[in-house]
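A short write-up of the structure that comes next.
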Amino acid sequence: MNRKILIILIALLPFKVMAQPNWSLKACIEYGLKNNRSNAVYANEKKIADAQAKEALADYLPKLSLTGTLDNNLKVQETVIPAGVFGPEDQRVAFTKKYNTNGVAQVDQTIYDQSLLTGLKANRYNVRQAGLNQQQNDEAIIYNISTAYYQIMVYREQLSLLKVNTETYRKQIEVSALKVKKGVALQKDLDKVTVDLNNALSQIRVAESNLTLAENQLKYEMGYPITDALQVEGNEVIKTTANVDAIIGTSRFLAANRTDYRIAEVNTKLLEIDEDRIKAGFLPKLTAYARYGAVGFGDQLSPAFSGMSTYSAVGLKLTFPIFDFFKRNAQYSQAKYKRLNAQENLKLNEGKYQLEYENARTKLVKEQSNVDNNRRNIELARSVFATTDLQFQKGTTDLTDWLNAQNSLKEAQNNYLSSLYQFYLAKIDLEKAGGTLKNFYSAL
């Protein structure tokens, strides 16, 4: 019975392998946004911000403290009543006993503390900052997965072209070997083609290794198990120049679209609040309190507990800081200039981000032109090679011209592959510079 089950499982195994889904770029990004390990870090940062908000609010809530003391006065302290009060001589009197117990419960409630009230304003900005940090991490995941995915596409295209070249060399080797056998060609001609074939095979091995590295990089960026298979969708290069003119023509730059700019805005606001909080520290603080306690005395330990007398009090406490003026003023000056620098840096960053965006647009246009030109060059090189190959077969040209034509085709292919990847990078860099990586992902 077990043998039959084993045979069935072996028979079904190929179907399970064949059933593995092909991963599109959007599917890879979607998986990465859920499974990249950095998500846990930024989720915890958001929880930290929530906890900080509760901590700040707790400073304005009632505080209850319980205090209990037990004193064993090994030598009871005495005080002196001057002569003439109760008699003609000084009298030594102890106002306590050997054991003294005291228990106090006190509730303090802040009524007015402007520095605390100002600090509470920072809570929503801390929460917003944590959310923006998480969004920035999502954008980094989208960017890294996209570049790794595009790298895979380029290496696949390279392998496809190299395999075609290899077949061309193999056919030429067969022809040259036959000519050498018949004595109408030299051995060195066959050796030249063989060298180029070996070079092409070596390039295939390098490209296959690079493809594996790119696939592993994609798995890492996705949070996908490195040892598991990941079949990326399709073997053809994505249409590169589609809708590029529309993207460039309709896109508009807004610094507020960039997450890093919004994070800088929040940081500036937090510095402004910190400046106001320090300034508010010059103002008085008003606190209310209610106290209830019991005190006991005794020459023995037991009476000090059994004979305790209770007492209670309510009151207000006004605190006015005076002698820390210079320290607080220095802190206020530091906070003020930090806030001013943050505002200036925000303006500088706005100009820098505008520059990055315009440069990315220019680079995309340039790389689009390069891809189109290099694609046309491949077609021209193929046409030249086809003509040269026909002439070589007819004997109207020699092997050197054939090899030169084939090398020109390989050079055109290499230029095309290089410009193709640069185009992919320029496209994703434009989305990054414009702060539209999330829109890019949604539109896939």
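What are the residues in the stretch 112-134 that are crowded, with 18+ Cβ neighbours inside 10 Å and not in a helix (DSSP H, G or I), if any?
Residue satisfying the conditions is ASP113 alone.
Checking the conditions here, which among ASN199, ASN137 is of a type in the set (S, T, N, Q), assigned to a helix (DSSP H, G or I), at pLDDT below 95 and more than 19 Å from SER408 (Cβ to Cβ)?
ASN137
Among the numbered criteria (1) closer than 30 Å to ASN407 by Cα; (2) loosely packed, with under 15 Cβ neighbours inside 10 Å, which one does GLU344 miss?
The number of the failed condition is (1).
Can you confirm whether GLN391 is part of a helix (DSSP H, G or I), more than 24 Å from ILE29 (Cα to Cα) and in contact (Cβ under 8 Å) with a residue 40 or more places away in the chain?
Spelling it out, it is not the case that GLN391 is part of a helix (DSSP H, G or I), more than 24 Å from ILE29 (Cα to Cα) and in contact (Cβ under 8 Å) with a residue 40 or more places away in the chain.
Can you find a residue that is among the charged types (D, E, K, R), touching a helix residue (DSSP H, G or I) at 6+ places or on another chain (Cβ under 8 Å) and outside the structural domain of THR436 (by TED's automatic domain parsing) anywhere in the stretch 77-91?
Within the stretch 77-91, not a single residue is among the charged types (D, E, K, R), touching a helix residue (DSSP H, G or I) at 6+ places or on another chain (Cβ under 8 Å) and outside the structural domain of THR436 (by TED's automatic domain parsing).
Tally time: how many residues in the stretch 245-273 are modelled with pLDDT under 90 and acidic (Asp, Glu)?
Number satisfying all stated conditions: 1.
One line per residue, one yes/no per condition, for (1) under 19 Å from GLN158 (Cβ atoms); (2) under 26 Å from the mean Cα position of the chain (by Cα); (3) of a type in the set (S, T, N, Q):
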{"position": "GLN187", "(1), (2), (3)": "no, no, yes"}
{"position": "VAL193", "(1), (2), (3)": "no, no, no"}
{"position": "ALA200", "(1), (2), (3)": "yes, no, no"}
{"position": "ILE204", "(1), (2), (3)": "yes, no, no"}
{"position": "ASN210", "(1), (2), (3)": "yes, yes, yes"}
{"position": "LEU213", "(1), (2), (3)": "yes, yes, no"}
{"position": "GLU221", "(1), (2), (3)": "no, yes, no"}
{"position": "ILE226", "(1), (2), (3)": "no, yes, no"}
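Which one is nearest to the chain's Cα centre (by Cα), of the residues in the stretch 109-165 that are β-branched (Val, Ile, Thr) and under 26 Å from PHE440 (Cβ atoms)?
Start the filter on the stretch 109-165 by keeping residues that are β-branched (Val, Ile, Thr), which leaves 110-111, 118, 127, 141-142, 145, 147, 152, 154, 164.
In the following step, the residues that additionally are under 26 Å from PHE440 (Cβ atoms) were identified as 141-142, 145, 147, 152, 154.
Numbers: ILE141: 7, ILE142: 10, ILE145: 13, THR147: 16, ILE152: 23, VAL154: 26 Å.
Among those residues, the one meeting the criterion is ILE141.
Inside the stretch 275-309, can you point out the residues that are hydrophobic (A, V, I, L, M, F, W, C), surrounded by fewer than 16 Cβ atoms within 10 Å (Cβ to Cβ), touching a Phe, Trp or Tyr at 6+ places or on another chain (Cβ under 8 Å) and farther than 30 Å from ARG328 by Cα?
Across the stretch 275-309, the qualifying residue is only LEU301.
In the stretch 49-64, which residue that is in a helix (DSSP H, G or I) and surrounded by 12 or more Cβ atoms within 10 Å (Cβ to Cβ) is nearest to the chain's Cα centre (by Cα)?
First, the residues of the stretch 49-64 that are in a helix (DSSP H, G or I): 49-58.
Then keep just the ones that are surrounded by 12 or more Cβ atoms within 10 Å (Cβ to Cβ); that gives 49-50, 52-53, 56-57.
Working: ALA49: 17, ASP50: 20, GLN52: 22, ALA53: 23, ALA56: 27, LEU57: 29 Å.
Only one residue tops the list, namely ALA49.
With respect to the numbered conditions (1) loosely packed, with under 12 Cβ neighbours inside 10 Å; (2) under 42 Å from the mean Cα position of the chain (by Cα); (3) modelled with pLDDT of 90 or more, which one is the sole condition not fulfilled by GLN20?
For GLN20, the failing item is (3).
Exactly one of these conditions fails for GLN172: (1) touching a helix residue (DSSP H, G or I) at 6+ places or on another chain (Cβ under 9 Å); (2) surrounded by fewer than 20 Cβ atoms within 10 Å (Cβ to Cβ); (3) in contact (Cβ under 8 Å) with a residue 12 or more places away in the chain. Give me its number.
(2)
Do we find that THR96 is touching a residue at least 60 places away in the same chain (Cβ under 8 Å), surrounded by 10 or more Cβ atoms within 10 Å (Cβ to Cβ) and in a loop (DSSP other than H, G, I, E, B) in this structure?
yes
The values are calculated or read from the model by the stated rules, or taken from the named source; none is laboratory data. Nothing here was measured: the structure is a model prediction, and the numbers come from that model. In this analysis, Cβ positions are derived from the backbone assuming ideal geometry, glycine residues included, and neighbour counts consider all displayed protein chains.
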